[in-house]
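Read the figures in this text as sums done on the coordinates, not as results from a lab. Small disclaimer: the values here were computed from a predicted structure and weren't measured. Positions of Cβ are generated from backbone atoms using ideal geometry, with glycine treated the same way; all protein chains shown enter the neighbour counts.
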Amino acid sequence: MSRDLKLLTTLGVSTAAAMILSFLETLIPMNIAVPGVKIGLANLVTVFLLIKLDWKSASAVTAIRVLLSALLFGSVASLAYSASGAVLSMTVMSLLKKTGRFSALGISTAGAVSHNAGQIIMAVILLSTKEIAYWLPILIVSGTVTGLAIGAVGALLVKKIDLKLDRKA
Amino acid sequence: MDKIRLRNDIILFASLLLAALAVWGALKLLQKPGKYVVVEIEGKVSAVYALDGDLKLDIVTADGHVNKLVIENGKARIESADCPDKLCVKQHAISMTGETIICLPHKLVIRIEGEGGVDAVT
Ligand SMILES: [Zn+2]
């Protein structure tokens, strides 16, 4: 197989995996009164691709996943929130990856927290109420915990899975 | 290299948790017992009620959605709503300034204001 074809296959499989994780996430009841508290299972795929390949592959798969899951499991309103979260989180994670100074744990945690921050920013814009910032502490803590867990699994996957995509080939 | 990364990771976690603690602490320090319940729909104040009178009424948004607001014993809460996530119903009753109950699907914010602090009305 040519490298391009392998890459395309990898991204396709990754998108499918991300969709399954997004769907699983909708099945998990989160009995917390603060909107936006979630595990972020699908971020596993993003973190994996970002570390294993590059930010472009990770962003492409994330963008498709966000669009499709809003279409399938969400609404137009939920798209505004998840898209703003994804854009901010993708940017922060790509930048942290670029510094080379953080492991999957740090990258994933910063991603989860910035995802939550992105959603809060969108809520402040849509509801024009700054009081939503009161949710910030809870969302920072929940993002740190879930980001850490996702990062730990992500690091394991990065170690175990060999994509056999030699970048120079 | 891995050790340095781990150290950086830990610094990152610590700063995030400290930031959360700082924001939470600052918000707690600024809180005072409230006087008014302010109802905002899509960022506009639609009604203001006294927190010390008992009250039960339906807040109806422009597209006909309903959140039932209850004010009793000096606290405000949403008793029921027809939003999909019902998170507004789960949020605890509020009575201190700055506290909010927010229904994202209905773009509804219930917040508490203190003495002479209903600034958004003007
Ligand atoms: Zn609601």
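When you look at the Cβ of every residue in A:135-144, what mean number of other chain Cβ atoms sits within 10 Å?
Mean shielding by partner chains, rounded to a whole number: 5.
Taking the highest mean first, how do the peptides B:14-24, B:95-105 order by number of other beta carbon atoms within 10 angstrom per residue?
Result, highest mean Cβ count within 10 Å first: B:95-105, B:14-24.
Computed over the Cα atoms, what is the radius of gyration of segment A:3-160 divided by 2.2 N^0.38 Å, N being its residue count?
This ratio for segment A:3-160 stands at 0.99.
Relative contact order for segment A:11-123: what is it in percent, counting Cα pairs under 8 Å that are at least 6 residues apart?
26
Could you work out the percent of alpha carbon pairs in segment B:36-113 separated by over 16 Å, rounded to a whole number?
41
Any chance you could tell me what percent of the C-alpha pair distances in segment B:1-52 go past 19 Å?
61
Of the cross-linked pairs A:Lys130/B:Lys75; A:Lys52/B:Lys90; A:Lys52/A:Lys130; A:Lys38/B:Lys44, which ones have a Cα-Cα span greater than 31 Å in the structure shown?
Listed pairs above 31 Å: A:Lys52/B:Lys90; A:Lys52/A:Lys130.
Which whole number gives the average count of other chain Cβ atoms within 10 Å of the Cβ atoms across peptide B:13-21?
For this peptide, the per-residue mean of nearby foreign Cβ atoms is 5.
Could you please report the charge total around A:Gly147, scoring K, R as +1 and D, E as -1 over all other residues with beta-carbon less than 15 angstrom from its beta-carbon?
It works out to a net charge of 0.
For a protection proxy built on the mean count of beta-carbon atoms within 10 angstrom, sort A:57-66, B:66-75, A:106-115 highest first, please.
Listed from highest to lowest mean packing, they are A:106-115, A:57-66, B:66-75.
Rank-order B:29-35, B:52-58, A:99-105, A:34-40 by packing density, defined as the average count of other C-beta atoms within 10 Å over each peptide's residues, highest first.
Packing proxy ranking, top to bottom: A:34-40, A:99-105, B:29-35, B:52-58.
May I ask for the equivalent-ellipsoid semi-axes of the protein assembly as shown, computed as the square root of five times each C-alpha gyration tensor eigenvalue and listed largest first in whole Å?
The answer is 41, 21, 14 Å, longest axis first.
In whole Å, what is the distance between the alpha-carbon centres of segment A:90-169 and segment B:33-72?
Each part's Cα centre sits 36 Å from the other's.
Give the residues of segment B:42-56 whose amide nitrogen is closer than 14 Å to a point set 7 Å from the Cα of A:Ser128 in the direction of its Cβ.
B:42-46
Short version: ³J(HN,Hα) in whole Hz for each residue of segment B:14-30, in order, from phi by Karplus 6.51 cos²θ - 1.76 cosθ + 1.60 (θ = phi - 60°), x for Gly and Pro, what are they?
4, 5, 5, 5, 4, 4, 4, 4, 5, 4, 4, x, 4, 5, 4, 4, 7
Given the Cα-Cα distance of B:Ala62 and B:Lys90 and 0.36 nm per residue of separation, how much length would full extension add, in nm?
The B:Ala62-B:Lys90 span can extend by a further 7.8 nm.
Averaged over peptide B:49-56, how many Cβ atoms belonging to another chain are found within 10 Å of each residue's Cβ?
Average per residue, whole number: 0.
How much mean residue ellipticity at 222 nm does the protein assembly as shown get from its helices, if each DSSP H run of length 4 or more adds -39500 (n - 2.57) and you divide by all residues, to the nearest 500 deg cm²/dmol?
Computed mean residue ellipticity for the protein assembly as shown: -19000 deg cm²/dmol.
Given Cα pairs under 8 Å that are at least 6 residues apart, what percent is the relative contact order of segment B:12-77?
Relative contact order of segment B:12-77: 21 percent.
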